[in-house]
1. Please verify whether Ala40 is out of contact with any helix residue (DSSP H, G or I) (no Cβ under 6 Å at 6 or more places or on another chain), surrounded by 13 or more Cβ atoms within 10 Å (Cβ to Cβ) and over 24 Å from Leu182 (Cα atoms), treating the condition exactly as stated.
2. Among the residues of the range 193-216, write down those that are of a type in the set (S, T, N, Q) and over 15 Å from Ala173 (Cβ atoms).
3. Considering only residues that are surrounded by 10 or more Cβ atoms within 10 Å (Cβ to Cβ) and outside any loop (DSSP other than H, G, I, E, B), look in the range 58-78 and name the one that is modelled with the lowest pLDDT.
4. Restricting attention to the range 152-182, report how many residues are among the hydrophobic types (A, V, I, L, M, F, W, C), under 15 Å from the mean Cα position of the chain (by Cα) and under 14 Å from Leu222 (Cα atoms).
5. Condition first: farther than 21 Å from Ala97 by Cβ and in contact with a Phe, Trp or Tyr (Cβ under 9 Å, 6 or more places away or on another chain). Can you find one or more residues in the range 136-144 that meet it?
6. Looking at the range 84-92, can you tell me whether even one residue there is out of contact with any Asp or Glu (no Cβ under 7 Å at 6 or more places or on another chain), touching a residue at least 12 places away in the same chain (Cβ under 8 Å), under 20 Å from Arg177 (Cα atoms) and of a type in the set (A, V, I, L, M)?
7. Being touching a residue at least 12 places away in the same chain (Cβ under 8 Å) and under 25 Å from the mean Cα position of the chain (by Cα) is the filter here; which residues of the range 106-123 pass it?
Amino acid sequence: MTAPADANSWQAIHAELMRRIAERVWQPGDPVPHEVDLAAEFGCARATVNRAMREIAQAGFIERRRKAGTRVALNPVRRATLEIPITRIDVESRGMAWRYELIERQFAHPSQIVAARMGLAADVRLLHVRARHFADGKPHLYEDRWIHTAVVPGALDADFSAVSANEWLVQNAPFTRGDVTLSAANASTIEARLLNTPENAALFIVERLTWHAFDPITHVRLVYAPGYRMEMTI
């Protein structure tokens, strides 16, 4: 099989290997040629092939196992990449006017559940930020956030009455990984009041925990008013 003209780039090799998988040139479960052999075929360094293979493995299309070699995945795992949205931009992109209200900003002890999820001691003190976001004057989102200022010291001086903690963290606190939980729950008394909705109304909840390496950055519980729809692309 003839290699593409720009086969010395990892992107071109990635595209060609994905073509072979998609068109079943390599069937599910088939062994994938060794990196040395692919490097010889494409006329490039082994490291270039390795970069392409890593991308394909991370996407779930091939399985790489020590001593067992590399094979095309029998059941490819499609991994979705989620971006942390800036609520202001999300609201404005829907054609609505955004407004923000800071409810609380103080140091406090998180609940045992939040501390455990963040891998922190129960007596730790974190920056607790609670706020509301509005869309066309109506409550849109209640944000209940804990920030680990030992990891993000700049948050100590941030004016969260002028810019939301959501937007500030996206712009100033790069993360390496995150955990996201989507769920539904009935509105508590506080949530019902803040979102101007009946108590026990069904609400869409997003809980997100972001990390920088092994250090937790922030844990946030986002409670959306009834009618909110989240759209994702996979």
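1. Values: out of contact with any helix residue (DSSP H, G or I) (no Cβ under 6 Å at 6 or more places or on another chain): yes; surrounded by 13 or more Cβ atoms within 10 Å (Cβ to Cβ): yes; over 24 Å from Leu182 (Cα atoms): yes.
Spelling it out, Ala40 is indeed out of contact with any helix residue (DSSP H, G or I) (no Cβ under 6 Å at 6 or more places or on another chain), surrounded by 13 or more Cβ atoms within 10 Å (Cβ to Cβ) and over 24 Å from Leu182 (Cα atoms).
2. Narrowing the range 193-216 to residues of a type in the set (S, T, N, Q): 196-197, 200, 210.
Those that are of a type in the set (S, T, N, Q) and over 15 Å from Ala173 (Cβ atoms): Asn196, Thr197, Asn200.
3. Residue satisfying both the conditions and the ranking: Gln58.
4. Looking only at the range 152-182, we keep the residues that are among the hydrophobic types (A, V, I, L, M, F, W, C), and these are 152, 155-156, 158, 160, 162-163, 165, 168-170, 173, 175, 180, 182.
Then drop every residue that is not under 15 Å from the mean Cα position of the chain (by Cα), which leaves 169-170, 173, 175, 180, 182.
Retained after the next criterion (residues that are under 14 Å from Leu222 (Cα atoms)): 180, 182.
Number of matching residues: 2.
5. Residues of the range 136-144 farther than 21 Å from Ala97 by Cβ: 144.
Still in the running and in contact with a Phe, Trp or Tyr (Cβ under 9 Å, 6 or more places away or on another chain): none.
There is no residue in the range 136-144 that is farther than 21 Å from Ala97 by Cβ and in contact with a Phe, Trp or Tyr (Cβ under 9 Å, 6 or more places away or on another chain).
6. Yes: one or more hits.
7. At the first step, the residues of the range 106-123 found to be touching a residue at least 12 places away in the same chain (Cβ under 8 Å) are 106-110, 114, 117-120, 122-123.
Scanning the range 106-123 gives Pro110, Val114, Arg117, Met118, Gly119, Leu120.
For (1) free of Cβ contacts under 8 Å to residues at least 60 places away in the same chain; (2) over 15 Å from Arg88 (Cβ atoms), each residue gets a yes or a no:
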site	(1), (2)
His133	yes, no
Glu143	no, no
Ala155	yes, yes
Asn166	no, no
Val170	no, no
Pro174	yes, yes
Leu194	no, yes
Ala202	yes, yes
Trp211	yes, yes
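The values are calculated or read from the model by the stated rules, or taken from the named source; none is laboratory data. None of these values were measured; they are calculated from a predicted model. In this analysis, Cβ positions are derived from the backbone assuming ideal geometry, glycine residues included, and neighbour counts consider all displayed protein chains.
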